1. Can you name the residue in the stretch 368-392 that is within 21 Å of Ser428 (Cβ to Cβ) and surrounded by fewer than 18 Cβ atoms within 10 Å (Cβ to Cβ) and is also farthest from the chain's Cα centre (by Cα) among such residues?
2. For the stretch 421-432, give me each residue that is modelled with pLDDT under 90 and polar (S, T, N, Q).
3. Go through the residues of the stretch 341-359 one by one and say whether even a single one is part of a strand (DSSP E or B), within 20 Å of Phe413 (Cβ to Cβ) and at pLDDT 85 or above.
4. Exactly one of these conditions fails for Val167: (1) in contact with a Pro (Cβ under 6 Å, 6 or more places away or on another chain); (2) modelled with pLDDT of 90 or more. Give me its number.
5. If we keep just the residues of the stretch 204-260 that are of a type in the set (Gly, Ala, Ser) and surrounded by fewer than 17 Cβ atoms within 10 Å (Cβ to Cβ), which is nearest to Pro275 (Cα to Cα)?
6. Residues that are among the polar types (S, T, N, Q), touching a residue at least 40 places away in the same chain (Cβ under 8 Å) and within 30 Å of Lys349 (Cα to Cα): which helices (runs of 4 or more DSSP H) entirely in the stretch 213-313 hold 3 or more of them?
7. What residue, among those in the stretch 388-408 that are touching a helix residue (DSSP H, G or I) at 6+ places or on another chain (Cβ under 8 Å) and either in contact (Cβ under 8 Å) with a residue 40 or more places away in the chain or part of a loop (DSSP other than H, G, I, E, B) (or both), is nearest to Ser847 (Cα to Cα)?
8. Would you call Lys429 touching a residue at least 24 places away in the same chain (Cβ under 8 Å), in a helix (DSSP H, G or I) and surrounded by 20 or more Cβ atoms within 10 Å (Cβ to Cβ)?
Amino acid sequence: MIDDHSFMHRSRMQLKLFVNESTFSERVRFYFIKNQTASLRIRSFIFVLKLLTVALYLLRTAMDDPFTTTCCGMCQRNFTSDVNPAWVTQYTFSWQPIWWVERHVVIWIVQVLLAFISLMYKVIHTYANYKGNLSQQLLSFEWFIEVCCSLPFIATIFWRPLRCLFVPAFLNIWLAKAGLENMMNDLHRAAHKQQSAMFNQVCTLIATLLCLFITCICGVQHLERAGRLHMDPFDAFWFVVVTFSTVGYGDITPTIWPSKLLVIIIIIVALGIIPGQVEQISFLWSERQKQGGEYSRQRAKTEKHVVVCATVLRMDIILDFLNEFYAHPTLQNFYVVLLSPSELDGPLKSFLQVPIWAERVIYIQGSVLRELDLVRVKVDAAEACFILTSRQERDRVAADEKTILRAMAVKDFAPRCPLYVQILKPESKIHVQFADRVICDDELKHVLLAMNSFIPGISTLLTLLAHTSKGQEGNNLKSSWKRDFGRSAGNEIYSVVAKESKFFGYYLGCKFSHAALHAQSKCGATLFAVERSGEIRINPGNEFIIDPEDILFYICLTGEEDAIIVDDVNNVMERRQSCVRAEIVKSTVTERRESRDEGSLKRNRQTLINEDQQTSTTMQGTLIDFPPVSPYVGHNTPIMCHVLEEKAKLCCMRLDRPCEHCRHTSALQYKWPRPPIIISAEFSTQSLFNALIPLRAHHRPRDSLHPVVLLMEHSPENMFLNAVRCFPMVYYMLGDLAGNVLDAMLHAGVTEAHSVIIIDRETSVFADEEYMADSRQLVATQTLFRLFPDIPACLELTHASNMRFMHFQAPESCVDAHEYRKEREREKSCSLPYLFREAFASGKVFSSSMLDTILYQSFIKDYLPTLLRILLGIQYTSGSGHLDTHDVTDDEVGHTYHDVFRSLCKKNGAIVLGIYRRVERQASPLHKKLITEDEISIDTDSVNKFPRGHGLDEEADVEFVAKTRRPSTMSLAYVKRSLISRRSTQKRRNMRKLHELHCLKTEREQFDDMIQNRMKELELDHLGSPSKRRNEKQDSHSYILLNPLSDTKLQKGDSLYIINPETPIPGSRSTSSNSTAHVSEPRHSDVMIDRETNENG
């Protein structure tokens, strides 16, 4: 064993590392091969030497005089006249002019020096590349040319007569070509860039053609020194050009067989080399056309462009993007670069060849994950990068994973490039928080579907606010509602700084609601939100005073920059001063009144709350708080909700199965005071949790909450049930809406339902035919519409073009086909082809592709995603109001829009955004007249006397006749036969009338009978009836009037979209202005609402 003390004092071992790299061969290999910079410099130097050698040869040829040259005494004078006397025929001539030439001493010295350097480089380079195959390297084409061009010059040093020996130095052009190819490789390696195959092939082809030309020119010119006539370099050039171009004038031709043989060899070589290289260039060109080329760096410096990345480029998505993007005047000079790994399909390729798009849109095939492709599209110089997710992926989670990697790749390559990302699943948002804007499909569409149940048309309202239009689409249509709706579609959301505003600059220092009311009537602009200190608030309330630095958001047909206010400046200033003065006085009076009545107001509010608690029968054991369970990682519930104090039992949530706590098996057995909302879905996805948030939002009154029945095709996961069981009156059951629609819907309580929400099937996007993805839910919705036409249904589709099949009704036979087609073409001429479809105008259907517009618009309006999220209630800021509806009362019918606006604004500080109008259809003269039982005259007494399904009691009838008639001589058998015959005839007559009555029943009555019979079989007939609720406005349609004119008359059945100010939560603690702080706050036990005492709730 080694002693530790002696081991510590032992001298340290010295090592010499990297000994192999210090050898001579490794140093040579390092400078000539491994080091890109040194190798590039050496190859460039040799390339210049080769070109200089060829240039010296051409100089010697130009200095050669055929009439006086003696070839250093090796040959006689060639010419005494124009004809060479040594030439007899093409086979009989002197070879001395071919072997010997006249060479100047200076040229000889330079050529010898260049030959020595070139030969030494070749030897060293061969040594550096030596890998045991020396014979293979020495027998290569480059070594052969090097020996032929360099060794003869070196040999002339030792024997003076050899100085005039002909050396084919022009063959160095082939060595220069090989050096050029290697030099380009070293250049790309030194610059750390991958070379372009197209560029290399073009350079190789040009170099090959140049080498063939120079070889043929120099060779023919030199061999023709022994020919019949003298041929100078220019004549040789002329001959080669005419020959290679296949023109063949024949004025200059070779006169000896070596020249002709050389031309034959050159032509054969050209035919063997050139077609192959041309084929490679053609192949690369076709591949480059598929890949779309490259966006040059110089172009990126002088022009602005955005990059759109997607897995698959679909025509409808690209068309929507281009229409929305170029709708803004400031973006007309931008270029759009499409980057996708897939090739363009035929329709999209033809579409992009239209001149209006061919000059603006550039397609490049490539992957975002490759930095080379990011360099090709110049992402680092782009104004923005949009990353779109394919909705046609079989696995939506996998589609989001691809999007996440693309977003990371772009952010890693270009950190300063604004990034706009679209994802499908809300649980994926946590991975793309570094993006500037993120739009989540499932999050928004589930919220829109849920809000459509109590705010009709909210999906259409959101689409119109995000869509860019001038409001002129419906001007040439015949229907008045389409013209009004088309004008309303032109309203958008704009922003302006308060002190710079033309519309709202008059109201600095005034209350927000006062400014919104007066600006709508005077400017036609609806002020509804404000941004202060980086926080956006919608309808901040009557106490909010507008400051000069506030950013105001308003809805109008156009922005302030496109509007001119024609008015007297003095009148404007006077009106502004009087407005501010009146507002100050009004505020003072209001404050005194509020301070004087503060106690009574609190008592009144408490009384209302107590009365509400006493009348409510469905909110036992609830409180207002944040949901305690998060459905997925990264979820952040933005608003407080009505939640249960104690979570519901999982067994009680199953609607169609009894448990120990509840024996009910149908929704009708619960007898809820509010009709239920049925949500039909394929899977219990975690994003379905977002549909329950607006249905249980804290600003909704407790007694207005509707029960929610989740109709699932597959059993929900326990994690999902654990997250939703904190909400009151949430149930689920298994059922297939597209299959056994009647039984499942009857158990879910469809006959008493408030509305039905149908969520897009995730597996439907895998249809063989692309636009058939919505077929199953459309047919199911159509079946639901035919069976239960009074139940409102809202549907989300994969393809927006399928909206025309929602509640489809065939055109009447009396309609002129030509006029019908013209009307449809005029409707499709607008930027939204589905704009005037009744299903879209009424808000019954929408497509998730509409949400893409929010992402596109956020490039110009960066506030739009946040503002719409606050408007929908999925993002919260302190002091912000909430969206709601107001049904027009009988007293308000006939009043103007501005009058009701003023009334609601003064009453509770609400701001009105628009009208949801219901109008009855015009009855068609060809509609069939409905026939009822009253119009059929039948013998009802006889029907009751002889009910169907019972035979005749003959003995009783005979006894009855015997008692009522006098005794006679007729036999009893005769009386019996007469009575049976008479009653059989009456029975047949009554049965025939019953059959006629059944045949004359309307389709609606037949459906009601079928549903009633099915409810009897399910033992549900005593709980409800299909004809119990019959909508008087069944034959009507609805549409939205966004920001209408102030003098618009309100009609019966209208509903107003209003934004109510924030309502105080009873007993709640003051919350931070930052919405993200809600997650870290403890549960609010002090906002407990008193439990109801009624056990039937």
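The values are calculated or read from the model by the stated rules, or taken from the named source; none is laboratory data. Just so we're clear, the structure is a prediction, and the values are computed from it rather than from any experiment. Here Cβ is always computed from backbone atoms with ideal geometry, including for glycine, and neighbour counts include all displayed protein chains.
1. In the first step, residues of the stretch 368-392 are kept if they are within 21 Å of Ser428 (Cβ to Cβ); the result is 368-369, 384-392.
The next check asks that each one be surrounded by fewer than 18 Cβ atoms within 10 Å (Cβ to Cβ); those that pass are 369, 392.
Values: Leu369: 19, Gln392: 11 Å.
Here the answer is Leu369.
2. Scanning the stretch 421-432 gives a single hit, Ser428.
3. As a first pass, look at the stretch 341-359 and keep what is part of a strand (DSSP E or B): none.
For the stretch 341-359, residues part of a strand (DSSP E or B), within 20 Å of Phe413 (Cβ to Cβ) and at pLDDT 85 or above: absent.
4. Failing condition for Val167: (2).
5. Ranking the qualifying residues of the stretch 204-260, first place goes to Ser245.
6. Values: elements: 233-244, 257-291, 297-302.
Of the helices (runs of 4 or more DSSP H) lying wholly inside the stretch 213-313, those with at least 3 residues that are among the polar types (S, T, N, Q), touching a residue at least 40 places away in the same chain (Cβ under 8 Å) and within 30 Å of Lys349 (Cα to Cα) span 257-291.
7. This residue is Arg391.
8. Numbers: touching a residue at least 24 places away in the same chain (Cβ under 8 Å): yes; in a helix (DSSP H, G or I): yes; surrounded by 20 or more Cβ atoms within 10 Å (Cβ to Cβ): yes.
For Lys429, the condition - touching a residue at least 24 places away in the same chain (Cβ under 8 Å), in a helix (DSSP H, G or I) and surrounded by 20 or more Cβ atoms within 10 Å (Cβ to Cβ) - is met.
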